[in-house]
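Heads up: the structure comes next, in structure tokens.
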Amino acid sequence: MTRRTFSLAYKQEAVDLVKIYGLSVAEVAGRLKLHENVLRAWMRDRVDNSANSLISRSQQNNDVGQLRAELRRVTQERDVLIRALERLVESDNLKSRWGVPTDVDEIHEGFLQMHA
């Protein structure tokens, strides 16, 4: 037995029958000869309601993976900058010379307050 495939438009119309027209999942699935879980999966995958589109789980997982990689990169950049600041503070008495706070935690707190 071959697996049936459905276009995004077909899936969207099936989801709309439940969401917009208020038909039950069981009723719509029965009319379309689908298993209820298939229709529920389509409803769960419907992410962008305003654009009336379905975004696949694999695309969502890909996006999440990219965001995690970006977060990791930005976190590493932040850590490098903090270490550079610590070395700068240790190498020069900035407070006495320039009036700059030398406590790294104090500098970090000030930065967080500025960007809150």
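What follows draws every value from the coordinates through simple rules; no lab data is involved. Every value quoted in this text rests on a predicted model; they were computed, and no experiment measured them. Here the Cβ positions follow ideal geometry from the backbone for every residue, glycine too, while neighbour counts run over all protein chains shown.
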message: Report the gain in length on full extension from Arg40 to Asn61: 0.36 nm times residue separation, minus Cα-Cα distance, nm rounded to one decimal.
response: 5.7 nm
Formal net charge of residues neighbouring Ala14 (Cβ-Cβ distance under 14 Å; K, R +1; D, E -1): +3
